[in-house]
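What follows is a short report on a single structure.
Nothing in this text is a laboratory measurement; each read-out follows from the coordinates by a stated rule. For clarity, every value in this text was computed on a predicted model and none was experimentally measured. Cβ sites come from the backbone with ideal geometry, for glycine too, and all protein chains shown count toward neighbours.
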Amino acid sequence: MTQDTQNSILWFKDLSLADRPLVGGKGGSLGELCSAGINVPNGYVITTEAFKAYLDIIDAEYGIRQKIVALDPDDVTTLNSVTSDMRALVEKSPPPESLAQVITDAYRGLGDNIPVAVRSSATSEDSEEASFAGLQDTYLWQKGEAQLLDAVRRCWASLYNPESVAYRLRLNIPEEDLAMAVVVQTMVNSRCSGVMFTRSPTSGDKSVVTIEGSWGLGSSIVSGEVTPDKFVVNKITSEITGKNIAPKAIEHLPDEKGGIIERPVEEERQVISCLSNEEIRELTEIARRVEKHYGCAQDIEWAISHDSAGNENNSVLLLQSRPETVWATKDKAPVAKPAAKAYDHIFNVMGSQLIKDNKSK
């Protein structure tokens, strides 16, 4: 590893949330989960230092940052046009040879041509103040060095997705403070997968864990192609207080050539629960541990492998955990702006009326 690439790759096991400036929200959270003893698929992060070195080369010629800063988030036509040009520019520009070598060397360290998830990890995502979830790109079941490097460039380019640019412009996030790390994570050949929330996403109830799951990879839920099974569990007693088994007509599965394919689910499997009661309780226990570790409600991605061998007899793996933001934001918002004194609003109205009466005389 040369001097200019020595900070380009960091492994999950060496990371924590304190490293978010280097590895983004997703990368920092995966490192934090590892340090907390949570079962996470192995992987590494291509750091923001690598991205900045890459972008500086392009920016010097094309002025990407200046063009983004000059955009009006409400001018949709111009925003779409400029961001489309920026993405195309990044996607076609290969990284320096020394950086590409470091990325592929780390990939070979995971195994022989092993399938990986390549996931965007922006420096301002997955915080309690803002969540960029879904605004940048993820590429599942990428195999081989060529697919990996292509997916990395597309993740870098997704920093300039129009939704992401508009969101950060509205939040006044400085462009110079934003960078894109990329997570490269060993894929889980999931029997089923999904998300869980350590407070109810519908009511905000902090006493329950809500679990959603379906067959295959979790991308079928994220894309909205499947309505997942839903389970509500008492966080204290682990009692399963609610079950809604949805018809799950399709599942996403790995394609041997790379990427994912969609396949119909057999009729008898469509209408049965994707999780056993034991697995539901295991997920609930993990959710409690993660929430306790972070000290706030969490939105967690999970998967259960077809084969749990090598996973320390634990079939459940976590793919990500981020702070829950919807109800946390509502909790922080004041119900109303209090008056300085209890009757100030009455006196203000009376005073306004007196002024009007005097003017009319």
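From the helices alone, meaning DSSP H stretches of at least four residues, give me the mean residue ellipticity at 222 nm for the chain, per-run term -39500 (n - 2.57), in deg cm²/dmol to the nearest 500.
Computed mean residue ellipticity for the chain: -12000 deg cm²/dmol.
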*Once you've got the GNM for the chain with C-alpha springs shorter than 10 Å, pick whichever of 23, 102, 118 has the biggest mean-square fluctuation.*
102
_Under the rule a/c < 1.5 gives rounded, and otherwise a/b versus b/c splits prolate from oblate, where does the stretch 190-332 land using the Cα gyration tensor?_
prolate
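Which shape class applies to the chain: rounded if a/c is under 1.5, otherwise prolate when a/b exceeds b/c and oblate if not, where a ≥ b ≥ c are the square roots of the Cα gyration tensor eigenvalues?
Details: a/c = 2.02, a/b = 1.21, b/c = 1.66.
It comes out oblate by the Cα gyration axes.
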*asked:* Could you derive backbone 3J(HN,Hα) for the stretch 200-216 from the dihedral phi with the Karplus parameters 6.51, -1.76 and 1.60 (θ = phi - 60°), listing whole Hz in sequence and x where the residue is Gly or Pro?
replied: 4, x, 9, 10, x, 4, 7, 8, 10, 10, 9, 10, 10, x, 8, 6, x
*Which residue fluctuates the most in the chain, going by a Gaussian network model with Cα springs under 10 Å, if the choices are 106, 70, 157?*
70
_Net charge over other residues, Cβ less than 9 angstrom from the Cβ of residue 248 (K, R count +1; D, E count -1)_ = -1
*Filter the cross-link list 26/206; 292/330; 26/248; 206/235 down to pairs whose alpha-carbon distance in this structure exceeds 19 Å.*
26/206; 292/330; 26/248
*Cα-based shape type of the stretch 95-221, given that a ≥ b ≥ c are square roots of the gyration tensor eigenvalues and the cut on a/c is 1.5*: oblate
_Model label zone, residue 225; criterion: amide N under 18 Å from point 7 Å along Cα-to-beta-carbon; scope the stretch 140-182_ = 140-143
*Grab the other residues whose beta carbon is less than 14 angstrom from that of residue 264, score K and R as +1, D and E as -1, and report the net.*
-3
*Can you list the aspartates and glutamates whose alpha carbon sits under 17 Å from that of residue 243, skipping same-chain ones fewer than 8 residues off?*
205, 212, 229, 278, 279, 282
*Gaussian network model of the chain, springs between alpha carbon atoms under 10 Å - residue of 214, 200, 190 with greatest fluctuation*: 200
*Karplus couplings for the stretch 278-294 from phi (6.51 cos²θ - 1.76 cosθ + 1.60, θ = phi - 60°), rounded to Hz, Gly and Pro as x?*
5, 5, 4, 5, 5, 4, 4, 5, 5, 4, 4, 4, 5, 4, 5, 5, 7
